[in-house]
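Take a look at the structure below.
Bear in mind that the values in this text are calculations on the coordinates, not laboratory data. A quick note: this is a predicted structure, and the numbers were derived from the prediction, not measured. Cβ coordinates were reconstructed from backbone atoms using ideal geometry, including for glycine residues, and neighbour counts include every protein chain displayed.
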Amino acid sequence: MTSKKVRCSACRTTASVPDITMAFQPIIDIETGAVHAYEALVRPVGGGTAYDVLSQISDDNRYAFDQACRVKAITLAARLEMQAILSINFLPNAVYQPAACLQKTFEAARHAHFPVNRLMFEVTENEPARDVGHLQSIFKEYRSHGMITAIDDFGAGHSGLNMLADFQPHVIKIDMALTRAINSDAVRYEIVGAIIGLCQKLGISVVAEGVETVAEAVTLRDLGVRLLQGYLFAKPAVEQLPGVAASVVDAILAAHEQRLICAGDSVAAGSAAAADHPPAAAANA
């Protein structure tokens with residue numbers, strides 16, 4: 001963690017922002033059943049939705065809002081004694097000079113005694129960055145301090161594979177538009193499978209978002225995804241760290257194991273049939 005003081009003009013802004021708090025939603029490691037991370041999701045104080053807050057954000061208060069979200073998320077995570085990774089969404093166009101704009105993040109982490117290597121920053125595809133070089137510099141700065149980088153809503157925004165080609169984060173979060181009903185949608189199944197295969201080759205971890213049914217979770221696990229997030233496990237809880245019912249995890253693992261057994265039986269049956277009926281060329285040799 002650095003103590004170097006770097007400032008830019010935006011750091012001195014006095015723009016007002018809405019009163020905010022954070023709701024937390026878990027990201028589950030389905031193999032262990034443990035919470036891998038919690039995503040911090042902005043909410044207005046007193047109740048309401050994220051839209052109620054975001055609709056009040058403009059270019060005038062974007063920087064102040066981004067900074068307020070970071071500080072609030074870190075402060076609450078520490079107060080709730082979070083032991084998992086804390087995932088925070090950031091607005092790339094609110095980060096002017098990465099080294100300078102991280103100062104409040106460091107200060108909040110120091111004050112709360114929250115390790116910076118357990119901070120993950122997600123950039124969404126839904127807000128295009130000013131330019132690729134700017135976003136690359138932000139990710140480089142995060143990485144240099146041991147923070148985790150992620151692309152959120154992958155497959156649903158402006159850049160898609162172009163963003164991935166320009167820089168490779170630690171984590172990609174596949175958007176719910178691709179994971180929804182993946183167990184019964186052959187096209188989505190192939191698309192998500194291709195994304196997962198690509199990420200495996202690039203050394204990028206995958207989180208599947210928007211998981212709502214056991215069938216979706218089992219299919220995603222079959223495809224090789226360990227990290228899952230969605231209402232199936234827990235809804236976001238304001239200023240709380242929701243747990244996950246062990247019965248849900250057990251049901252997913254049991255169904256996945258049964259599929260592996262059935263797949264193994266099918267392979268064995270196919271091998272036996274091939275042995276009983278050798279190819280004509282071999283039989284006539």
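Numerical summary
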{"read-out": "Antiparallel DSSP beta bridges within the range 9-244, percent to nearest 5", "value": "40"}
{"read-out": "Highest to lowest packing among 209-222, 103-116, 33-46, scored as the average C-beta count within 10 Å", "value": "209-222, 33-46, 103-116"}
{"read-out": "Separation of the K201 and S58 label points, Cα + 7 Å toward Cβ, nm", "value": "4.7"}
{"read-out": "Protection proxy ranking of 53-65, 169-181 - average other beta-carbon atoms within 10 Å, highest first", "value": "169-181, 53-65"}
{"read-out": "Links that overshoot a 23 Å alpha carbon limit, given the list K104/K235; K140/K201; K104/K173", "value": "K104/K235; K104/K173"}
{"read-out": "Contour excess over end-to-end distance, with Cα ends at K140 and A186 and 0.36 nm allotted per residue", "value": "12.9 nm"}
{"read-out": "Length released on extending from L80 to A255, taking residue separation times 0.36 nm less the Cα-Cα span", "value": "59.6 nm"}
{"read-out": "Segment A165-E107, extension gain: residue separation times 0.36 nm, minus the distance between their alpha carbons", "value": "17.6 nm"}
{"read-out": "Centroid-to-centroid separation of the range 47-61 and the range 147-183 [C-alpha atoms, Å]", "value": "24"}
